[in-house]
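> I'd like to ask you about the structure that follows.
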Amino acid sequence: MKRLFVSLILLIVAVPAWAEIDIQKVTSEKGITAWLVEEHSIPFTALELRFRGGTSLDEPGKRGATNLMAALLEEGAGDLDAREFARRKEELAASFGYGASDDSVSVSAKFLSENRDEALALLRTTLMEPRFDEDALERVRAQVISGLMSDAKDPNTIAGNAFSEMAFGDHPYGSSGDGTIETVTSLTREDIQTAFDNVFALDRIYVSAVGDITPEELSALLDELVGDLPETGAPMPGPANVAITGGNTIVDFDTPQSVAVFGQTGMARENDDFFAAYVMNQILGAGGFESRLMTEVREKRGLTYGVYSYLAPKTWGPIYVGRVSSSNDRIAEAVQVIRDEWSKLSEEGVTQKELDDAKTYLTGAYPLQFDGNGQIASILVSMQVNGLPIDYVTTRNAKMEAVTLEDVNRVAREFLDPENLHVVVVGKPEGMEATAGN
Amino acid sequence: MLRHLAPLAAVFALVAPAFGETAEEPVTTYTLDNGMEVVVVEDHRAPVVQQMVWYRAGSADETRGVSGVAHFLEHLLFKATDNLESGEFSEVVAANGGEDNAFTSYDYTAYYQRVAADRLELMMEMESDRMKNLRLSESDILTERDVILEERNQRTDNNPRSLFAEQMNAAQFLNHRYGTPVIGWRHEMETLSLEDALSFYGTYYSPNNAILVVSGDVVPEEVLALAEQYYGVIPANPDLPERIRTTEPPQTAARRLTYKDARVAQPYVSRSYLAPERDPGDQERAAALTVLAEMLGGGTTSFLAEKLQFDNPTAVWTGAFYSGKALDKTTFDMIIVPSDGVSLSEAEAALDEALAAFMERGVDMEQLERIKMQLRASQIYARDNVDGIGQRYGSALAIGLTVQDVQDWPDVLQAVTADDIMQAARDLFREESSVTGWLMRDTEVTQ
């Protein structure tokens, strides 16, 4: 390797400057806690609420209810119908976002300091007095169904849904949280109200705020905003029986480029080996050009534009998955290269240099994530949902540094399971056969 | 066209609104002796820096027959130079805990790194190296050409909405390269050669055709010193061609097209009009169109949503899009996604009726005030988006706007009047300069 850049070698060992963020824990009079970073230089605040459970709380036969409910929260609340609500929000220049995923429902708000009280009063109505008007329900239902129709012809979504069904079976994780055209069509206003009652409760709430707000102000805000929510919501769904076995599933779909989702059983975040597995994945398939999968599938062979893998430590059933897309006549080769890399890593492990490079990247890139109030609020609330301590931000890199070559190679050997790496391909793949039984 | 895999663009996010511009940041500008422009934007909240180098060369600067070469070259800039092995650039950035990427558009190609502020010199050393010292091999060409073809598969050929949008653009522009996709037409991409890439590189990659934008925890004088050390020593290209493009003739015939594809689940109607762009010192019309797009199709309270989704529901979704950030004439786009049971021809008629009703009624002053309030607030929110600052200045300067234009933009938007909006709308909605497209299931019968 030519190295005219002498300075490189020196710089590589240096640890990047660390962005200091001071996280405070705030507890309101009613006992609601939040993590706060005060940042008074820009006159607005980002507030992030997260409620555990998410679309996995859908009742039997009501798949899609939580998703539709979340989409309806800003379609009228309190005295305001959908249009009046939207106009009011625009007058305040506030932004409210509501999202539903497998494991949580999120509420993301940004509001200006100059009209904070009015913005919060409006936000409060969506959580305390949602209307779920019939006309809004029908309008948004039609939008969701339009999306589901498109999903049914989108190879990326087809592949993801097929993999989830294969991996999780009857557990809520096994089907799309958006529901099906049939279930969404049959949802009633009562179903939406039930989904709301299931989700919004104090036994599952996590809060963070970043921006132009003091601990005292945040404390009062918490009680005002969510203090009147009920104590308990619906029971959690319970663990999934993750049963991923080797082989290929092929979903026939007429499109020029096949989309593949590949994966195996994953690892819970609480597992002592999670950091080692995280570093291992950085080397195998995390985004960026340095990963083995990117090098072998894209850089050396030109088989794809992108290939990546990631640990998905879902609450009720972790998986380890990735994606690749290649034209129909080349997908078989791409999948074979991925399978070979899975086996090779499992058998031979990684080198000291790969480990060092991955750790330098992971520790150096970590502070770059803390770049904006909304972004930091989102990170802080995720940390709470995942049960991480409040000083995690300052200890995380040390934990990453502590991962040894032995750790990574043991995890590669024990955790990676090339025999049970399953691949779902959507397209018209040439030279690939579905495995019997799939 | 990002070199990395990025999440697929949202279905209807055709053009991002040009909001969020602000004059709040401390900006310092220099011009090096070789003509390279330098823009430094200070933000000391975190010890992070972003370096971007923008070349005033995009797909619309390509010669005919080699569509996609600007984007192809962008990929190839991560291969070997005289001083770095193939792939070493990104390897070094990653080994320093940084992130890097690049993207190509019609009017520019840009490269950037985000990294701890004390690594700026190393980034400049490497970025300046590849401005001139690229060493490509035939095998680079063959492999990377396969990669861009797979990128086209993924972004375009696997997605009927993208294929439809490509056809709409091709129909809109009769004589301008904006009608050719940035990623290229497949049959031309398949024949792109080493020679094609090097020709584009030799013509356009030089300091007098580049803008350096450094934003973050930096001191302007120090950035200037480094820029002089690394970029200042590269000679200007005396043969840099003047940026003159073929222009559109008067558009005198409305165009219509239908695109049918078995993979279409949700048919819709798309309408575009040829529209003016932001020009240096002359941004008023673009500002009026920016507000018009928001007024017509910017969400629940917009005119099209009111008419077509609430008052007389015929659409699942409507939208209007415009961004004036282009070197030459651009487009103003609208979409109507019909409700179940509403045909495309009924949807199109409903859209036209709604537009006529808007022209009849004029501007709702309360709505205009709400939009302006949001524009003011977006300046505050934009200050929080550190990543967006370099993008905002670089993309403006690359199309000939000045730092002053960027900083004036929020005031120009605030100054837009109801009369400005209606005049801009009257100038815009000429049937002769429009394209109307129907995206259809391949089984559907044209009414």
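> From the list A:298, A:269, which residue is under 30 Å from residue A:27 (Cα atoms) and in the same structural domain as residue A:363 (by TED's automatic domain parsing)?
Just a single option satisfies the conditions, and that option is A:269.
> Would you mention how many residues in segment B:191-243 are of a type in the set (Val, Ile, Thr), crowded, with 18+ Cβ neighbours inside 10 Å and either modelled with pLDDT under 95 or more than 21 Å from residue B:391 (Cα to Cα) (or both)?
Count: 1.
> What do you reckon, is residue B:341 open to solvent by 60 Å² or more (accessible area, probe 1.4 Å), within 14 Å of another protein chain (Cβ to nearest Cβ) and small (Gly, Ala, Ser)?
Yes, satisfied.
> Considering segment B:133-146 alone, what residues qualify as being farther than 19 Å from residue B:61 by Cβ and away from chain A (no Cβ under 11 Å)?
The answer is B:136, B:137, B:138.
> Moving to a separate point now. Within segment A:327-358, track down each residue that is within 12 Å of chain B (Cβ to nearest Cβ) and basic (Lys, Arg).
If the condition is that a residue be within 12 Å of chain B (Cβ to nearest Cβ) and basic (Lys, Arg), then A:330, A:353 are the ones that fit.
> Need the failing condition index for residue B:317 against (1) more than 11 Å from chain A (Cβ to nearest Cβ); (2) open to solvent by 10 Å² or more (accessible area, probe 1.4 Å), just the number.
(1)
> Then there's this: Quick one: which of A:4, A:8 is modelled with pLDDT under 50, within 11 Å of chain B (Cβ to nearest Cβ), open to solvent by 10 Å² or more (accessible area, probe 1.4 Å) and not in a strand (DSSP E or B)?
A:4
> Next up: Mind checking which residues of segment B:90-122 are aromatic (Phe, Trp, Tyr) and farther than 20 Å from residue B:327 by Cβ?
B:112, the sole residue that qualifies.
> Among the numbered criteria (1) touching a residue at least 24 places away in the same chain (Cβ under 8 Å); (2) farther than 21 Å from residue B:227 by Cα; (3) part of a helix (DSSP H, G or I); (4) in contact with a Phe, Trp or Tyr (Cβ under 8 Å, 6 or more places away or on another chain), which single criterion is violated by residue B:72?
That leaves (4) as the condition not met.
> Output the residue which, of all residues in segment A:24-59 that are open to solvent by 30 Å² or more (accessible area, probe 1.4 Å), in a loop (DSSP other than H, G, I, E, B) and closer than 26 Å to residue A:380 by Cα, is modelled with the lowest pLDDT.
Among them, the one singled out is A:41.
> Does segment A:68-85 contain at least one residue that is more than 14 Å from chain B (Cβ to nearest Cβ) and either modelled with pLDDT under 95 or open to solvent by 10 Å² or more (accessible area, probe 1.4 Å) (or both)?
yes
> For segment A:239-274: of the residues being of a type in the set (A, V, I, L, M), in contact with a strand residue (DSSP E or B) (Cβ under 6 Å, 6 or more places away or on another chain) and part of a loop (DSSP other than H, G, I, E, B), which is surrounded by the fewest Cβ atoms within 10 Å (Cβ to Cβ)?
Looking at residues that are of a type in the set (A, V, I, L, M), in contact with a strand residue (DSSP E or B) (Cβ under 6 Å, 6 or more places away or on another chain) and part of a loop (DSSP other than H, G, I, E, B), I get A:242.
> Could you tell me how many of the residues in segment B:95-132 are over 18 Å from residue B:183 (Cβ atoms), more than 10 Å from chain A (Cβ to nearest Cβ) and surrounded by fewer than 21 Cβ atoms within 10 Å (Cβ to Cβ)?
Count: 1.
> Follow-up question, since we're still on this one. Just give me the residues in segment B:65-101 being under 28 Å from residue B:401 (Cβ atoms), at pLDDT below 95 and not polar (S, T, N, Q), in sequence order.
B:99, B:100
> When residue A:372 is evaluated against the numbered criteria (1) in contact with a helix residue (DSSP H, G or I) (Cβ under 7 Å, 6 or more places away or on another chain); (2) at pLDDT 95 or above, which criterion, by number, is the only one it fails?
Checking residue A:372 against (1) in contact with a helix residue (DSSP H, G or I) (Cβ under 7 Å, 6 or more places away or on another chain); (2) at pLDDT 95 or above, the one that fails is (2).
> Taking residue A:242 as the residue in question, decide whether it is outside the structural domain of residue A:396 (by TED's automatic domain parsing), of a type outside the set (D, E, K, R) and in contact with a Phe, Trp or Tyr (Cβ under 8 Å, 6 or more places away or on another chain).
So residue A:242 passes the test.
> Just the residues that are among the acidic types (Asp, Glu) and open to solvent by less than 50 Å² (accessible area, probe 1.4 Å), please, taken from segment A:218-238.
A:223 - this is the single residue of segment A:218-238 that is among the acidic types (Asp, Glu) and open to solvent by less than 50 Å² (accessible area, probe 1.4 Å).
> Looking at segment A:88-140 only, could you name the residues that are open to solvent by 20 Å² or more (accessible area, probe 1.4 Å) and within 30 Å of residue A:239 (Cα to Cα)?
The answer is A:97, A:98, A:99, A:100, A:101, A:102, A:103, A:106, A:108.
> Something else now. Determine, yes or no, whether residue B:237 is of a type in the set (S, T, N, Q), under 30 Å from residue B:142 (Cβ atoms) and in contact with a Pro (Cβ under 9 Å, 6 or more places away or on another chain).
yes
> Within segment A:196-216, which residues are assigned to a helix (DSSP H, G or I), out of contact with any Gly (no Cβ under 9 Å at 6 or more places or on another chain) and crowded, with 17+ Cβ neighbours inside 10 Å?
A:196
> Please work out which residue is farthest from the chain's Cα centre (by Cα), limiting yourself to segment A:159-182 and to residues that are within 16 Å of residue A:149 (Cβ to Cβ) and open to solvent by 30 Å² or more (accessible area, probe 1.4 Å).
The extreme case among them is A:182.
> Further question: How many residues, within segment B:179-191, are in a loop (DSSP other than H, G, I, E, B) and more than 24 Å from residue B:266 (Cα to Cα)?
Residues that pass the stated criteria total 7.
> Which of (1) open to solvent by 50 Å² or more (accessible area, probe 1.4 Å); (2) among the aliphatic types (A, V, I, L, M); (3) not in a helix (DSSP H, G or I) is the odd one out, the single condition residue B:336 does not satisfy?
(1)
> Out of the residues in segment B:148-179 meeting the condition of being surrounded by 20 or more Cβ atoms within 10 Å (Cβ to Cβ) and among the hydrophobic types (A, V, I, L, M, F, W, C), tell me which one is farthest from residue B:209 (Cα to Cα).
Checked segment B:148-179; the qualifying residue farthest from residue B:209 (Cα to Cα) is B:164.
The values are calculated or read from the model by the stated rules, or taken from the named source; none is laboratory data. Keep in mind the model is a prediction, meaning the values are calculated, not measured. When we count neighbours, we look across all protein chains shown, and the Cβ atoms used for this are built from the backbone with ideal geometry, even at glycine. Note: areas computed on protein heavy atoms with side chains; ligands, DNA, RNA excluded. Shrake-Rupley method; radii C 1.70, N 1.55, O 1.52, S 1.80 Å.
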